[in-house]
Amino acid sequence: MGFIKRKLANIILLCFIVVTLLLGCSGGASRRSVVGLSDPIQQETTGSTSLFVDNYNVTVDYKYSYDISALVVSTKDYSSLDFSGKLAPKDVALAWGAVAEYNDRINFNWSQSGRWYRWRTSSYDDIEPVGGVDGVTAHSSNNHLIPADDNVKKLVKNIKAGDCVRIKGYLVNVAANDGKGANFWWNSSTTRNDSGDGSCEVIYVTDIEWLDK
């Protein structure tokens, strides 16, 4: 009987360790920190490209070239939805600068839905080291990713929370119509200090590089 009790206790302990490790890995991705990620680099540019997506003729106008190295704090898949999901199958919430550096020490709750990203903390005092609300706004963003081709689309699908990535491409304005009266517009934010409606970056992605692999 003693042997059976000891064996049962060992099984319970093993299950507890496995669950703890799994929970630790899950939380570890979004709570990771990375030091030394500078502000995105953007330069005014011109040009455009045309796409045909889900029966829509799409014009993608380049506003700025864009090069961002950042910590992925959340991702949201939209690929199974309507036209916008087929155009930009994934949104990624990115952090850099002080927000990426303190992400493991500040109890951020990052989330995404409806093409928005949101963050919460237990207290605004927590975010004083990153410059308060303005600091979080200036060093994090939600990004609609439009892959330039099928190879880039595969890379976009592989991005996950906890990755440190470099994304290159263009901030763009998008206009689309299906020839039957349905129209669609998306205009990218071009500053890091805005918030609310219209503050997301719309990126036509030409390359993605993982900085920690």
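The values are calculated or read from the model by the stated rules, or taken from the named source; none is laboratory data. Keep in mind the model is a prediction, meaning the values are calculated, not measured. Positions of Cβ are backbone-derived with ideal geometry, glycine not excepted, and every protein chain shown enters the neighbour counts. Ligands, DNA and RNA are stripped out before the accessible areas are found, and what is left, the full protein with its side chains, is counted by its heavy atoms. Shrake-Rupley method; radii C 1.70, N 1.55, O 1.52, S 1.80 Å.
So in region 111-149, with the set limited to residues that are among the polar types (S, T, N, Q) and in contact with a helix residue (DSSP H, G or I) (Cβ under 9 Å, 6 or more places away or on another chain), which one is most open to solvent (accessible area, probe 1.4 Å)?
Step by step, filter region 111-149, then rank; the result is Thr121.
Do we have Ala138 as small (Gly, Ala, Ser) and in contact (Cβ under 8 Å) with a residue 60 or more places away in the chain here?
No.
How about region 180-191: which of its residues are open to solvent by 20 Å² or more (accessible area, probe 1.4 Å), touching a strand residue (DSSP E or B) at 6+ places or on another chain (Cβ under 7 Å) and in contact (Cβ under 8 Å) with a residue 60 or more places away in the chain?
Of everything in region 180-191, those that are open to solvent by 20 Å² or more (accessible area, probe 1.4 Å), touching a strand residue (DSSP E or B) at 6+ places or on another chain (Cβ under 7 Å) and in contact (Cβ under 8 Å) with a residue 60 or more places away in the chain turn out to be Phe184, Trp186, Thr190.
Yes or no: region 90-105 includes at least one residue that is surrounded by 16 or more Cβ atoms within 10 Å (Cβ to Cβ), out of contact with any Ser or Thr (no Cβ under 8 Å at 6 or more places or on another chain) and closer than 17 Å to Ser33 by Cα. Give the steps one after another, and end with the answer.
Filtering region 90-105 for residues surrounded by 16 or more Cβ atoms within 10 Å (Cβ to Cβ) gives 90-103.
With the extra rule that they be out of contact with any Ser or Thr (no Cβ under 8 Å at 6 or more places or on another chain), the set shrinks to 98.
This time we only want the ones that are closer than 17 Å to Ser33 by Cα, so: 98.
Yes, region 90-105 contains a residue that is surrounded by 16 or more Cβ atoms within 10 Å (Cβ to Cβ), out of contact with any Ser or Thr (no Cβ under 8 Å at 6 or more places or on another chain) and closer than 17 Å to Ser33 by Cα.
Against the definition (touching a strand residue (DSSP E or B) at 6+ places or on another chain (Cβ under 6 Å) and at positive phi), how does Gly47 come out, yes or no?
Considered against the rule, which asks whether it is touching a strand residue (DSSP E or B) at 6+ places or on another chain (Cβ under 6 Å) and at positive phi, Gly47 comes out as yes.
Answer yes if at least one residue in region 75-89 is of a type in the set (S, T, N, Q), at pLDDT below 95 and open to solvent by 90 Å² or more (accessible area, probe 1.4 Å), and no otherwise.
yes
Tally the residues that are small (Gly, Ala, Ser) and either under 15 Å from the mean Cα position of the chain (by Cα) or closer than 12 Å to Ala70 by Cα (or both), restricting the search to region 30-50.
So the count comes out to 4.
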